[in-house]
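The values are calculated or read from the model by the stated rules, or taken from the named source; none is laboratory data. This one's a predicted model, so the numbers in the text were calculated from it and none came from an experiment. Please note: Cβ atoms are built from the backbone with ideal geometry, for glycine as well, and neighbour counts cover all protein chains shown. Heads up: the accessible areas ignore ligands, DNA and RNA and are worked out on the full protein's heavy atoms, side chains in. Shrake-Rupley method; radii C 1.70, N 1.55, O 1.52, S 1.80 Å.
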Amino acid sequence: MSQIDRTEKINRVGVIGGGQLAWMMADAAEALGIDLVVQTPKNSDPAAARASEVILAPIDDAQATAQLAERCDVITFENEFVDLTALGELERQGVRFRPKLSVLAPILDKYEQRCYLRSLGLPVPKFMAFDGTQLPPTRDLPSEKVVMKARRHGYDGQGTAICGSRQTLLATWERWGRPGVLLEEFIPFERELAVMAARNQAGEVVFYPVVETQQEAQVCRRAIAPGDVTPEVKAQVEAIAHRLLSALDVVGIFGIELFLTPQGQVLVNEIAPRTHNSGHLTLNACNTSQFEMHLRAVCDLPLPSPTLNCAGAVMVNLLGYEESEDDYEAKQQQLRAIPGAHLYLYWYGKNQSRPGRKMGHVTAIVQGVSGNALQQQCQELAHQIESIWYPG
């Protein structure tokens, strides 16, 4: 495999993963004159229809990633279900990953991620690793209610359980197959927040507006921008993001999820080293979408303004609520026809629904109001959208 000329213009970007994140990246790539080459298991995956070229292979197939590298100038990630050890050999041969594999190494395992954040002095909930040999609560994990998380491959509420007793924790752990897990104290937060932050090769960091995310069953149902937070909280969030991206030497965009306590303290919950669900509203509500910003960072292009182009916005995830094969066209039409609302519907092309699966999302733009009126209007729009999507 030939070494890459680091001064060349980046025209072809490889993406490991072909889901909705890569699908939504396609418009930004087209606008920037960039070809996307996608490695994904199935031709029916959302991004396969939009990519310039598709390599059909599992996401953790490093031999397929070697083929991907031959067809593009740089490789980025849509998800974290990769084999870092195998990819490391490709990186040593000159394949350019952005973010670098050294960025992913300390954060793909949730326990190791917590340890790394703590080593940077960033605020996190109390936590411990658990493999069945030591039962909480302990001196290191004082809360009665604990959160148990799979150390790898948890997403959309899978691999996360809130346990109110030792018996519940052990029963859930047994049901999961007795794996090593992360246990952390349950934070009685005032609200959950998230921020998208991007960094380029020169070390420039830009921040999107802090958003409030609202979860149900550990899956994000809504994101509201801007979040109703004080300047002090916003400063805490941005300082955390800047410290993290600079310490890791990130090139690309990160999604950072946080807890805000009633005392005004911000704690890091989880990190996504890629575009993220909490940034979907940037497609319509910001001057530059998270997908364009990520590609710009990856391709050594200038990072433009990430600011809002409206008073605010609410993004509502359309989550599966049944086992079904259906494109839900009637509901899609109803959503598009909501009167008096400036709505954008994104349907991911998934015709097989199951509970909790992200089938699409709707973003509603709000103008002319601020403060409590903005928050109230966003909540009302979210309720209107959900009343159409969810039965009953």
(request) With only Lys, Arg, Asp and Glu charged, each at its Cβ (+1 for the first two, -1 for the last two), find how big the charge dipole of the stretch 191-389 is about the Cα centre; round to the nearest 20 debye. (result) 160 debye
(request) Can you spot the lysines whose alpha carbon is less than 27 Å from residue 110's alpha carbon? Ignore those fewer than 8 places along the same chain. (result) 100, 126, 145, 149, 234, 358
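Can you compute the equivalent ellipsoid semi-axes for the stretch 12-97, i.e. the square root of 5 times each eigenvalue of the Cα gyration tensor, sorted largest first and rounded to whole Å? Numbers along the way, then the final one.
Numbers: eigenvalues 77, 40, 20 Å².
After diagonalising the Cα gyration tensor, the semi-axes are 20, 14, 10 Å.
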(request) Work out how much length residue 165 to residue 91 would gain on full extension: take 0.36 nm times their residue separation and subtract the Cα-Cα distance, in nm to one decimal. (result) 22.1 nm
(request) Give me Rg over Rh for the stretch 137-247, both radii from the alpha carbons and Rh done the Kirkwood way, two decimal places. (result) 1.04
(request) Using a Förster distance of 35 angstrom, determine the FRET efficiency expected from the C-beta separation of residue 216 and residue 32, and round it to 0.05. (result) 0.45
(request) Sort the following peptides by mean Cβ neighbour count (other Cβ atoms within 10 Å, averaged over residues), highest first: 248-255, 370-377. (result) 248-255, 370-377
(request) Over 24 Å, how big is the tail of the calculated P(r) for the stretch 191-389, in percent of all Cα pairs? (result) 41 percent
(request) Compute the FRET efficiency between residue 56 and residue 327 as 1/(1 + (r/R0)^6), taking r as their Cβ-Cβ distance and R0 = 30 Å, and round to the nearest 0.05. (result) 0.85
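Evaluate E = 1/(1 + (r/R0)^6) for residue 176 and residue 369, where r is the Cβ-Cβ distance and R0 equals 45 Å; express this FRET efficiency to the nearest 0.05.
Working: r = 45 Å, r/R0 = 1.00.
Efficiency computed from Cβ-Cβ geometry: 0.50.
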(message) What distance in nm lies between label points placed 7 Å from Cα along the C-beta direction at residue 67 and residue 249?
(response) 3.2 nm
(message) Taking all protein chains in place and a 1.4 Å probe, what share, in percent, of the accessible surface of the chain do carbon and sulfur account for?
(response) 47 percent
(request) Before anything else, pin down the relative contact order of the stretch 12-97: Cα pairs under 8 Å, at least 6 apart, normalised by residue count, whole percent. (result) 33 percent
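Provide the gained length on full extension for the span residue 190 to residue 386, in nm with one decimal, where the gain is 0.36 nm per separating residue minus the Cα-Cα distance. Kindly include the intermediate steps, with their values, before the conclusion.
Values: separation 196, 0.36 × 196 = 70.56 nm, distance 2.31 nm.
Value of the extension gain: 68.3 nm.
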(request) Using Cα pairs closer than 8 Å and at least 6 residues apart in sequence, work out the relative contact order for the chain, in percent. (result) 13 percent
(request) Run the numbers on the stretch 191-389 and let me know its relative contact order in percent, using alpha-carbon pairs under 8 Å that are six or more apart. (result) 20 percent
(message) Quick query: amide H of residue 98 versus all other amide H atoms, modeled in the peptide plane; which residues come in under 5 Å with a sequence gap of 5 or more or a different chain?
(response) 75, 76
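Using a 1.4 Å probe, what is the accessible area per residue for the chain, in Å²?
Working: 16510 Å² over 392 residues.
So the chain comes to 42 Å² accessible per residue, rounded to a whole number.
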(request) Starting from the Cα of residue 352, step 7 Å along the direction of its Cβ; do the same at residue 337; then give the gap between the two resulting points in nm. (result) 3.1 nm
(message) Give me the base-10 log of I(q)/I(0) for the chain at each q in 0.07, 0.09 Å⁻¹, Debye formula, one uniform scatterer per Cα, rounded to two decimals.
(response) -0.32, -0.53
(message) As I understand it, the dipole of the stretch 191-389 uses +1 on the Cβ of Lys and Arg and -1 on the Cβ of Asp and Glu, about the Cα centre. Which of 318, 290, 258 lies farthest toward its positive end?
(response) 290
(message) Given points 7 Å out from each Cα along the Cα-Cβ axis, report the residue 145 to residue 379 separation in nanometres with one decimal.
(response) 2.0 nm
